[in-house]
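K.L.:
Have a look at this one before I ask anything.
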Amino acid sequence: MSDLPETPDTHNTPSTDSETAEPEKVDALLESREAREKERRAWEEAERQKKIEERKKLEEERLELERRHLYQQLDHLDFSLLSLEDYPTDHELYTARRARNLWFVTLGSALFLLLASIFSLTSAWIGGIVGGIIFVLWLTHGSGMIALFPSLNRYNDLILERKHLKNQWREYVQTLEGQRSFCFRIYPLVEFNARLEARRFRRIAVLSREHHLLGQIKSLKDAAILAEYFKEAQRAYQELLLREKEDALAAAMAPNEDSTEATNSTSEASAESAPANSDLPPASET
């Protein structure tokens, strides 16, 4: 019995192979899980970037639409009010004030002569003439029915008109400017009108961005600069529309030019092949 060969232990070998194979399977599983996790993270990052780009694109489109809406308002501005064309000038006020003083002087002199005529200090015919003058002055008291004579209320009317136009102008600009900084939002039109690069116009854009525009307009000169700013912006908008029409026309003409070039190249190729075919010998009749 001792001389018999020893039989190999077949029961321990499979267990050893399985023990070495299980860590490999676990490692492969972990690697595949990590690869799937990386793919998922990469996909999520790509989707996040895609959503960010989409939101950014939508925001740019929204801003462009708002900007175009603001640009369109330039064609509907009341430039007569913005430039204060009907605003009474200092010369008109001076003339009206002088006319008012003349009216008082004339009325006082006429009353003095009328009283002198009543108390027989002057002739009666002078009193009659003075009475007619007083009647004419009464006609010009309210509305200036006879423009050749000075009117008493002309000066006060001009003062009231000035105040009314100032309030109307301020309300109009405040409504136009609002909380959206209208002057600042339309300043990108400087690309289409180099005159908007002037320092006075840049100052308007900066004040509009900081919501201090109305507080810094304190004179007619400032109001005139603002009206000029809107006019230059309107010219820039017209230039923008003109360039867009030119680009659209060029884009519409581009396919026609390509087809024309293709037709010309085809005709040239056919023309070149025609002489080559003419050199061939005629086919023999069978």
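K.L.:
Once the other residues with Cβ under 12 Å from the Cβ of Arg200 are scored (Lys, Arg +1; Asp, Glu -1), what is the net sum?
P.N.:
+1
K.L.:
Under the rule of at least 5 residues apart or a separate chain, name every residue whose amide H is placed under 5 Å from the amide H of Thr122.
P.N.:
The answer is Ser117.
K.L.:
May I ask you to list the lysines whose Cα is less than 19 Å away from that of Lys38, ignoring any residue fewer than eight positions away on the same chain?
P.N.:
Reachable lysines: Lys50.
K.L.:
I want the local charge near Leu70. Using Cβ-Cβ distances under 10 Å, sum +1 for each Lys or Arg and -1 for each Asp or Glu among the other residues.
P.N.:
Overall, the nearby charge balance is +3.
K.L.:
With labels modelled as points extended 7 Å from the Cα through the Cβ direction, what inter-label distance (nm, one decimal) is found for Leu242 paired with Ile126?
P.N.:
Inter-label distance under the simple model: 7.3 nm.
K.L.:
Straight-line reach from Lys221: which lysines have a Cα under 28 Å away, not including same-chain ones fewer than 8 places off?
P.N.:
In chain and number order, the partners are Lys163, Lys166, Lys231.
K.L.:
Determine, for each peptide in 79-85, 201-207, the mean count of other beta carbons within 10 angstrom over its residues, then list the peptides with the highest first.
P.N.:
Averaged packing, sorted descending, gives the order 201-207, 79-85.
K.L.:
Now, a different point. In whole Hz, what ³J(HN,Hα) sequence does the stretch 30-36 give by Karplus (6.51, -1.76, 1.60; θ = phi - 60°), x for Gly and Pro?
P.N.:
3J(HN,Hα) across the stretch 30-36, in whole Hz: 5, 5, 5, 5, 5, 5, 5.
Any read-out appearing in this document is the output of simple, stated calculations on the displayed coordinates, not a laboratory observation. Model, not experiment: these values are computed from the prediction. Positions of Cβ are backbone-derived with ideal geometry, glycine not excepted, and every protein chain shown enters the neighbour counts.
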